[in-house]
Structure formats: C-alpha cells, structure tokens
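Notes for the one structure printed next.
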Protein chains: 2
Amino acid sequence: MLLFTRLSRRPGNSVVYYPNRILKGLDPWEGGSRSRNPFAWIREAFSSSEQDVINMSGVDTAVYFVFLSTALAILFLSGLILLPVLLPVAATDDNLKTQKTFSEIDKLFMGNVKDGSPRLWAFLFAAYWVSLVTYFLLWKAYVHVSVLRANALMAPGLKPEQFAVLVRDIPPSTEGQTRKQQVDSYFKSIYPETFYRSMVVTDNKEVNKIYEKLEGYKKKLAHAEAVYDESKKTGKSKGLRPTTKIGTLGLVGRKVESIEHYNEKIKELIPKLEAEQKATLREKQQACAFAFFTNRVAAASAAQSLHAQMVDTWTVMEAPEPRQIIWSNLKIKYFQRISPASILDIAAVKTVLEAYLPQIALLVFLGLLPKLLLALSKAEGIPSVGHAVRATSGKYFYFTVLNVFIGVTLGATLFRTFKSIQKEPNSIVKLLASSLPGNASFFLTFVALKFFVGYGLELSRLVPLIIFHLKKKYLCKTEAELKQAWLPGDLGYATRIPGDMLVITIALCYSVIAPLIIPFGVVYFGLGWLVLRNQALKVYVPSFESYGRMWPHINSRVIAALVLFQVTMFGYLGLKKFSSRALFLIPLPILSLLFASVCKKKFYRSFSDTALEVASRELKEIPDMESVFRSFIPPSLSSENADDDNSEDAFSRVSRIGSLA
Amino acid sequence: MLLFTRLSRRPGNSVVYYPNRILKGLDPWEGGSRSRNPFAWIREAFSSSEQDVINMSGVDTAVYFVFLSTALAILFLSGLILLPVLLPVAATDDNLKTQKTFSEIDKLFMGNVKDGSPRLWAFLFAAYWVSLVTYFLLWKAYVHVSVLRANALMAPGLKPEQFAVLVRDIPPSTEGQTRKQQVDSYFKSIYPETFYRSMVVTDNKEVNKIYEKLEGYKKKLAHAEAVYDESKKTGKSKGLRPTTKIGTLGLVGRKVESIEHYNEKIKELIPKLEAEQKATLREKQQACAFAFFTNRVAAASAAQSLHAQMVDTWTVMEAPEPRQIIWSNLKIKYFQRISPASILDIAAVKTVLEAYLPQIALLVFLGLLPKLLLALSKAEGIPSVGHAVRATSGKYFYFTVLNVFIGVTLGATLFRTFKSIQKEPNSIVKLLASSLPGNASFFLTFVALKFFVGYGLELSRLVPLIIFHLKKKYLCKTEAELKQAWLPGDLGYATRIPGDMLVITIALCYSVIAPLIIPFGVVYFGLGWLVLRNQALKVYVPSFESYGRMWPHINSRVIAALVLFQVTMFGYLGLKKFSSRALFLIPLPILSLLFASVCKKKFYRSFSDTALEVASRELKEIPDMESVFRSFIPPSLSSENADDDNSEDAFSRVSRIGSLA
C-alpha cells in the first residue's frame, strides 16, 4: 500500500495508475495536485457512488461491486451472530483433550464439541441463520441488479446494438437470389415499417489477413520514422535511415532501407485490400446477417420472436455489441451450436480429472487453463465475447471448487476410496464432512494469503509498472506504441469471479464448523471492494458491456456454494453422532433449490431478453440509422467509398425486389 | 357394422349419424340418395383427403389422423420384417417343452427360445428395426404436422385470436387510474402504431348467474309455448295452458300459469342483468386483459416478448380462441400458476397410487377419472380448454400406462416386492421383464376386444341413438331442445388419445417378445382410422381448435412407450442369459432420448409460439377490427347498446390520456 502511495504520485507512472481516467479525458489526479493525503484514494473509493462506477466502468463493473458487497454482507451478518455464540460454545467444551495433537486454535472450532452433545443444536441453528441471511441478501441484490440493468437499457443514449438483431441459420436462398436480397425481402415482408436495412456477414478471413499485414506495415513505418527522427536529433544532421532485412524474422536476407521498404509494401497492399474487400462483400456472404430496425422496441421484440416455422432456420437473437462480436462463430449452424458443445464439455471435464495425476502437468495446465477454457467456450459457437467470458467463468468456478476446495479437502483419500464411492454415492458426503475440519487452518491461511498478496499486487500494479517502464525504455518509439504499452485490460471476470467464488464457498462451508474463517472472509471482500473500487475508477477499461448478464450466474453459483455448505453440515452433524437431529437440516438444501428456482422464474428472462417496456423508453434524439449501421462494419471492411452501392453487396441498401411470397 | 348400415339410412336418424354435415349446411347423404351401396361410407372415408378432414373438422382432427396412420405404419413396417422372421425362429425351438403347461400359441413367442441361444440375436436386431422404423416415421409425421399447422395459421381467413394477446399479472394501478386506462396507456406507449384497443377481463360470476337464469327462463318459456301449441292442435280449440309450481324443483308451492310466470320472470331479470352488466364492466375489472392489435405479426410478436423487467408482471401470451377461454382462470397469478400445479400433480399421483388398494373404489374412481383429471388440469390456471384437454390427456396416459399396463403385468407381485424395489431400483426392470411374457395372450385379447367392441359402438352410435330417440319422444318440445338432444360432442381427445396410446405402448412392448400382437395392433389402428374418418367427416363437431398443438405431446409419449419397450427388452434378454450381448441394446434408449431432444429443439417452439413468417402472410381482406374485438365479449356481457362508450368501462375505447411515463 505504501508502495502504491509512493509510486502512484510520480507523473511518469500516471498512465499505469490512472489509465481509465486518462482515456476518458480526465485529469489523473482529481484535485489537480499530487501532494495530497497518501490515503486520499481510500476516501475517494468510499465516496464514489454506484453511478460514478457505471459512468467510469459500466454496468458490469457495478454489478461486480454488488456481488462483492453482497458477499461481504452475508459474511458480516453471519459473523455477527456466529462469532459471539459459537466460539464460546466450542471453547468451553473439551472433546479434543482426549486426543494427543491439537493446536490452541482448534479449540475454537466445532471439532472441540463432544459427540452427541446438546451444544450441537447451536451449530444446527447457525446453519439456518447463515442460509436465511444468504437468501435475504441474494434476493435484495437480484432486485437491485435487475433495476440497474433496466435503467442502463432504457437510458436515452444511443446504443447501436439495441437497434439490431443477429440472424443466424439462414436457409439456402432460392435460385437467382443473392443472400442479401433473400434477407432483405424476408425482413421487409415481416416488418414492412420498422425494418431499416441488413448487413450480411461475410467470411473475413482473407481480408483480415491483408488488413492486419497492412496495419503492421503502417506501425513499422511509424516506428522507423520515429527512429529516424531521433537519430536526426541526436547524431548527424542528416540522420541515420534505419534498415531492415527482408528475410525470415528480419534476421536474414537483403538489407533494405526500412522507410522506403514499408512505404512500398503499403502501396502494394492498399489496392489488394480494396479488391479483396469488394470480393468479400460480393462473394463471401455467409448464412448469417445483422438486421437493423428503426426503433428499439421492434428490435427487442424481433430478438425474442420465433421467425420461421422450422425452429432451426432464421434464428433471431439480440445483436452483441459491435466490439465484442466473434465474427468467425456467427456462421455456426443451429444443431452444431447445441451438440458439439456438450461433447467439448465432457472432454474438458475429462481433461480436468486427468490433470489430477501428474503434478507437473497440473502446474502448466493451471497456468494455461483460463485461456483453454475461453477457447473451449468460444468453440461452442457463442457469438459475443461477453457471453464467452461468462461461460468460461462458469467452467473455471467448477474447476476451482472441484480441484482446490474438494481436491485439497479430500486429497489422496479420495482416490484410494474412489471405488467405494462409486458403489455408495452417499459416502462422498461423509468423506467430505470428515475431512473438512482438519483443513480449517489451511483455508484460513489460504484466504489470508489471497488478500495480502493478491490485493497488494493488484493495488500496486508492480508487474504492469515494470513491464511498462521496460517497454518504454527499449521498445516504444511512437505514441501509439507507448499507448499500447500502458493500455490496461479489463477486470478479467472470467478468472476474477471464480476466484472470489472460491473464497465465498470456503467461507460458507467453514462458517459454522470453524467460524474464525468469517473475519478473514470479511477482510477479503472488504479489502477487495476498496482496492477494486480504486482500480475500476482509475485503472481498468472494460472491453465489453453485457448490462449485468453475469448476475444470474453469480446468483446460482452462490446458491451452489450454499448447498455444498448445507450438505457438508448435514454430513458433519451425522459424524458427530447427532444424526437424528441432523434431519432438521434436510429442509435447507430443498429450500435453497426452491429459492434458486423462484429467482430463475422471477428474474432470469429479463436478463436473457430485453423487456419491451424498457426498450420503449424515448431516446434523447432521433437515432442516426446510418451511423448505427456503420458501427457494425468490421474495420477490415470499412472504406470511405462505401456509398457506391451495389445491390449484390453484403452491405447494400434494401432493394425494391418485391416481397418474399 | 350392419347395424350402422341399416340405421344410418333412416331419415329420422340422420341427425345422429350426420350431425356435422347438417350443422355445416350440407346434405347428409352426399349423393342425395339414401338407397346407395351399404359400404359407400368406406369408399367415402378412403377417398376423403386430408383437406376434407380439415374443412369438416379442423386441424386437430387431421393431426389425430396423422397419429393413427403413423401408429399404423410403425406397426405395419415392423410386422413386415418381424412376423416372417421371428415367428419361425421361435416356433422351431423347443424351450417350452421342458415346462409342463403351455398353450400352442406360446410356442410362437420369444419364451420358446432357449436361454442363451444364438437365436436371440434375431430378437435383438428386431428391437433395432422397430426403433429405427419408429424414429423415421415419427420424424416424417412431425414435419408433416408442422406444415399442417403452419398452413392453417397462415390461412387468409380471419381468426380473431390471431389479432389478440392475453395479458395477465397486471400490477396494481397507480392512484387515480382505472385498470382500463392503465392497460391502454401501457400498450399505447409500447405499440404506438399497432395497438388497437384492450378488453379488461371482469369478474363475471354474478352476471353469468343472472344471465343463465334468464336463458333458463327463456328456454322454459319456449317449452311451455310449444306444449300449449301442441295442446291447441290436439285437444280443445282454446288449448290447455300449462302450469308449474314455483317451489323447490317445481314440486311444491303455488300453482301458476307457466307462460305468464316465465314472462314475468324474464321481464324482471332483463333490467337486473343490464344493471349487473354495467356494474361488472365498471367495478369488477381484474388484473388481466386482452389486447388487440391491428395486424397478426404484431400480436404474434407481442405474445412471445417479455414486456416488463419483472418477469412476473405483465405476462403476455397468445390469446386462446374466444370459445375455449376459461374466464375464471385468467386472473390467477404467476407464481400461483406454477407452484400449486405441481402440488396438485403430487396429490393426483398419490390418489392414483392409493387407488390401487380398494378395488371397488377403483371402479368408481375410473369412471370419474377423466372429469377429475380435467378439473385438476383446470385448477392449474390454464387459460384455454384446448390446453386443459392436452394436460388431461397427459395425466390420463400416465395413469393408464401405469395402472393398466404395468399394473396388470406386475399385478400383486409388485406390492409384495415393493420394499426390495425401493432398495434396488434396477430390479423393477427385471421384474417387469419377467412378468411380460406371461401376459402376452391377455393383451392380445385386450386389443382385440378394444377394437371389436369399441369401434363397433363408435360406428353404430347405439347409445347416442337411443338417448336421442328417448329424449325426442318424451322431453323435447322446441327446435332448440331437439338440436340440443342430437348435438354431438367432439372427438374427446382427453381420453381417446391415451386409449390409443395404451394400445401402441402394448403393441411396441410386445412387438418382439410376442410378434403376434402386431397384426392386432394393425387392425386396431386401421379400423380406427376408417371408423373415425367417417365419424370425423359426418358426426363429431370439434369444440375447439388448437392447430395441432397436441402433436408434441403425442410424439413424446410414443417415444416414452418406445423407451419402455427398449428397457424391457434389455431386461428380458438379461433374463434369457443373454446379458453380455444385451448390452448392444444400451444405445437404443440413449438414441431415443436424443431423438426426443432433437425433435423438441427442432419443432417444439413452433408449436408453442406462432412463427412470424407464418403470421405475416397476407389476409384475404382487411380485418374488421370491431368484429374481432366483439368476438371476445362473453355472451353474458354482450349488449346491443355497447357503443355508448364510457371511458371507465372494461371494454371502452383507448382514451387519449398520455403515455405511461
């Protein structure tokens, strides 16, 4: 923290510590002065409102803070009752005296209560208290997030994706009709008044390749020019024109003058790009498209309606934000989207299970896991980055809970007894319950380490700072390169939320057995809230906006953690020779599942679809449909002379070719 | 059949044998002559096209025939291979010789093959053949029904329900706003162009009571007048004015002259009805309404879209046909609709299970069961009769399969071994498999009896004929009463389809074990097709039209029967000491479930929602929105002077009171 206070004051570091403010065109230091109170950032974090977070970092970030504060409140309210009640109840018993080895801290845990003791009633009621607190706070949070989402969606500002729908699984067009004409006539006949125009998705592989090459040469040219300028300033008056080798990796081959070489290459590529753009637009039209509507209600309603009698044709869904479209996934067909996905999931689970075995492989695997899971999720044919991140986050959560939590708890015992589990599935609950208390102190340390090291690194941003300074010194020559070097990522929900989920799972599961975990959890989420508030306001730049679609996933996973807690409590009370009374715990998991289903019924659809009353709010100004349309054109296909319309192009205007019938 | 030929030729009976034709204004006998070939009805049934059925009896009936012909085709194609192959294979073995008691017919069944014999391979492949035939034909039928449904929905004729949506769960209105204004302003703001007007649903209990009383008196008056007219003709010139007693049931109390008495009562009730109508329209508005749109696409799209951010408010769904609305169910709230339904289902299942025990109670219960199940289904808050019939049909199917098929098969053994089953659920498969072959001849007789007696009674319509003639002679005096006496019901899908389902379940389950069942099944469905074709064209009058929504249910239940067949085959092959090779059957149930899920993904949504491309077809003429609106007004609330609009009425026009915000 001290490190952060010192480092963040140096002006050269401001791009590392305040990039979000800089990108928004704001002064890095709010007061304008650097010599302020070293703890001012804490005051700023506390005084920032939810609206500030939404303005600076979007609804998704605000929803993430709802999660942090809900987790904090669950643990705080649980601890308020559990700590003063359960600690004395456990400490004044003496079960562990009969055993040889125990540490002082173990005396505070449920393990110190004698088997079958009536004191166990207190622990049973504690399980009810934790569950009820969780239900209450999750419900409140769901309502709150639902309102946040509605407000963001009905905001009067222009969001191009609210005017568009994504159309997939377009059936083969009839003879003599281009894909574009087919799409236009189809939507024109269904929406004669509100349909604006369509954009057929094209196969951009080739054009992207050329475009990236061109952009690469442009960057290299800028770099070479900067080097040349520098050498002019420092060395001889004429300067030293940089050279490059044209062979593999610039290491072998003929030496040429860089600036001229790159200029040549660019000149060569521009007409090639233009030709490829034309060919792509005309000949590489895919069986998917974006359709644009002149108002939000029409688009929202179209995205929710069945269009064709055959469900696997003309599938219409909400358009993702232009920036998060995964273009190559759009063309994947209906049944391919549902079926191979599950096969991949099975493969993923298998990989995960196999990864237990060789420990070295596990370490490598752990590092690559988030990327691997993201790739798996993308392979499911998901059309937007935000959706893929949510899918990844889910897989990662199950992996961490399975691997770290259950894996550590059960350890090697699980594998020795694996055969007996297969015969009697109930025994896994017993096994889990019996292994839990022994690992309580391990998890106390785990959570403590996670917030000390994790949030320390997070706040001080040491790694990005060092990388930035190294790059600045040795590599970056142009402004663009420099910006690239300090440009921060987003909050990284795909791995961040599963990490927090693991902590809340641990805290919930141990809350009654070893209540000392609760203060650690409170500190974790409290500190997390504070540090990330600062980072959200000043550092991270969101790469997409899903208007809180993460919440249903968070909600159901907290409930999953709660059920795990309730089931292990049931098993542990059984082990404590309290079986008959442990039956009183059976309503809890049922209640949790009921709660999950009511939440789903009441809220879920408003997160998967846009409610029409929300979409029907008036806009600030009449939308410029042309700019809405243009915002969906990928950079590799945008050109200045897009207006010379050709009716066969993927982007052409609606032609008057009569209706579908 | 002979009885039918004779009876149906008498002109006095034509209303019993040709009511559907008469109601449609057609001549009962097609050729105009009664003295035609006694088997002409068979020719007519065969020569009638699917379109004829749709014209005379609607899409639902046509879909029912698709079911009959699919079941017929499944059994026919199965029999084509199974009969010539399996019968010789079984007959030439001699397993049963070792046993003491067996009939000749048992030699033709699978039981006659020796345990572990390689001949069992033939039976294993037969199971595959039956399954593949079923998949293929079900798929073809689903595509066919889907097209039937689409064609019916896109027909250019005016269907008022296609212009309306049902709105439920309307939240409490704000101060100073009537329910009607609230609904109008809500829809006006979301659909400024396509919303026509709304009709708030009112609590019609009181007004219906008065209306029915009034209609009752009107009928009695007509009856009394007819009696008087008759007496004038037959007896004295002045005639005998009929009298009635005004006490309980017309048995006690003062004697009064009927005609005057009824006239008085009617005069009394008319102003009372009008006053109650006004009060109902103004003060008894419920939290549900119908909203009308000026085009079909808008209504179809609205029915599929989420309207409010809170999913349990402003629930919008397709409007049912006016004639099949269950008015009293419309006001039931969202969570009440989902939750008590399942509780009732559990109660129903419990009743079913308990009904096994006392056999006399069972008989009474069986008679009342369809009514009970219909009442249970209605209690789920279902808004339309067609939907309630589908729900009833499902419950009845599970009841009959559970009770008749499995019940008979396992008989008392099940109850004796019930405890062991609870411990080892697998054993139910074994038990079922071992009990199956013993009952083969019972089910042969069962199916035969069902078509001989069932279809004989069906075609000859003996019971309705006798009732009609009795009523005509002793009770009916007016034309309306006479019509009431011969008016036929509909096909009664709620019990008819489960009955057919039971037969196809039996036929499928025994198809390999005792292939002789197949010809009986073929005759059952063939004869059923023929007889019901006649009845559909000439007798029954459909009471609702759901455009084939029954099909997804039929499809999934045939698959359920198929899975039952596959599982029992697996168990039976195991009993035959063929276990290791019986494993080859494991892919079959998996394949069936996969098939069911692909069917659901590909077709289901087009049966629950109306595809927009279907709704967007042009209409024959511009719809008269006023008549569309009027068709939804229940008879007890319709009055001639409905045009004196009052802005606070449930039926009033849209007032210009500004938008929602």
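The values are calculated or read from the model by the stated rules, or taken from the named source; none is laboratory data. This is a predicted model, so every value here is computed, not measured. Please note: Cβ atoms are built from the backbone with ideal geometry, for glycine as well, and neighbour counts cover all protein chains shown.
For the range A:605-623, the candidate set comprises residues that are within 7 Å of chain B (Cβ to nearest Cβ) and assigned to a helix (DSSP H, G or I); within that set, the residue that is surrounded by the fewest Cβ atoms within 10 Å (Cβ to Cβ) is A:605.
May I ask you to list the residues in the range B:145-163 that are part of a helix (DSSP H, G or I) and in contact (Cβ under 8 Å) with a residue 24 or more places away in the chain? Those that are part of a helix (DSSP H, G or I) and in contact (Cβ under 8 Å) with a residue 24 or more places away in the chain: B:145, B:146, B:148, B:149, B:150, B:152, B:153, B:160, B:161, B:162, B:163. Quick check: is even one residue across the range A:532-544 without any contact (Cβ under 8 Å) to a residue 40 or more places away in the chain, farther than 26 Å from residue A:400 by Cα, more than 14 Å from chain B (Cβ to nearest Cβ) and not aromatic (Phe, Trp, Tyr)? No, the range A:532-544 contains no residue that is without any contact (Cβ under 8 Å) to a residue 40 or more places away in the chain, farther than 26 Å from residue A:400 by Cα, more than 14 Å from chain B (Cβ to nearest Cβ) and not aromatic (Phe, Trp, Tyr). If you go through the range A:67-89 and keep only what is over 17 Å from residue A:135 (Cβ atoms) and of a type in the set (A, V, I, L, M, F, W, C), you end up with A:68, A:83, A:85, A:86, A:87, A:89. From the list A:49, A:57, A:14, the lone residue that is more than 28 Å from residue A:148 (Cα to Cα) and either modelled with pLDDT under 75 or among the polar types (S, T, N, Q) (or both) is A:14.
Identify the residue in the range A:141-152 that is more than 19 Å from the chain's Cα centre (by Cα) and more than 16 Å from residue A:553 (Cα to Cα) and, among all such residues, is nearest to the other protein chains (Cβ to nearest Cβ). My answer is A:150.
Filtering the range B:153-180 to residues that are buried (at least 21 other Cβ atoms within 10 Å of the Cβ) and within 26 Å of residue B:638 (Cβ to Cβ) leaves B:161, B:162, B:163, B:164, B:165, B:166, B:167, B:168, B:170, B:179, B:180.
Screening the range A:530-555 for residues that are in a loop (DSSP other than H, G, I, E, B), among the small types (Gly, Ala, Ser) and modelled with pLDDT of 85 or more and picking the one that is surrounded by the fewest Cβ atoms within 10 Å (Cβ to Cβ) gives A:546. The residues of the range B:181-225 that are more than 37 Å from the chain's Cα centre (by Cα) and surrounded by fewer than 19 Cβ atoms within 10 Å (Cβ to Cβ), listed by number, are B:192, B:193, B:225. Going residue by residue through the range A:127-140, is there one that turns out to be assigned to a helix (DSSP H, G or I), within 14 Å of chain B (Cβ to nearest Cβ) and either surrounded by fewer than 17 Cβ atoms within 10 Å (Cβ to Cβ) or in contact (Cβ under 8 Å) with a residue 40 or more places away in the chain (or both)? Yes: one or more hits. Limited to the range B:588-604, what total is found for residues that are within 7 Å of chain A (Cβ to nearest Cβ) and under 10 Å from residue B:563 (Cβ atoms)? The qualifying residues number 0. Within the range B:310-336, the residues that satisfy the criterion of being among the aromatic types (Phe, Trp, Tyr), within 14 Å of another protein chain (Cβ to nearest Cβ) and part of a helix (DSSP H, G or I) are B:334, B:335. Any residue in the range B:83-98 that is among the acidic types (Asp, Glu) and more than 36 Å from the chain's Cα centre (by Cα)? Within the range B:83-98, one or more residues are among the acidic types (Asp, Glu) and more than 36 Å from the chain's Cα centre (by Cα). I'd like the residue in the range A:562-596 that is modelled with pLDDT of 90 or more and among the small types (Gly, Ala, Ser) and, out of all such residues, is nearest to residue A:512 (Cα to Cα). The residue in question is A:592.
Scanning the range A:289-304 for residues that are assigned to a helix (DSSP H, G or I), touching a helix residue (DSSP H, G or I) at 6+ places or on another chain (Cβ under 6 Å) and within 15 Å of residue A:188 (Cα to Cα) returns a single hit, A:299.
Residues satisfying the criterion are present in the range B:280-298 (criterion: more than 14 Å from every other protein chain (Cβ to nearest Cβ), farther than 30 Å from residue A:607 by Cα and touching a Leu at 6+ places or on another chain (Cβ under 8 Å)). For the range B:544-563, the count of residues that are among the β-branched types (Val, Ile, Thr) and over 19 Å from the mean Cα position of the chain (by Cα) is at least one. For the criterion of being part of a helix (DSSP H, G or I) and either within 14 Å of chain A (Cβ to nearest Cβ) or under 30 Å from residue B:628 (Cα atoms) (or both), residue B:167 fails. Counted as qualifying within the range A:436-513 are the helices (runs of 4 or more DSSP H) with 1 or more residues that are farther than 26 Å from residue A:563 by Cβ and among the aliphatic types (A, V, I, L, M), namely A:440-449, A:455-460, A:462-474, A:479-486. Residues in the range A:492-508 that are surrounded by 22 or more Cβ atoms within 10 Å (Cβ to Cβ) and more than 15 Å from residue A:72 (Cα to Cα): A:493, A:494, A:498. Does residue B:575 qualify as being free of Cβ contacts under 8 Å to residues at least 24 places away in the same chain, within 29 Å of residue B:506 (Cα to Cα) and surrounded by fewer than 19 Cβ atoms within 10 Å (Cβ to Cβ)? In short, no.
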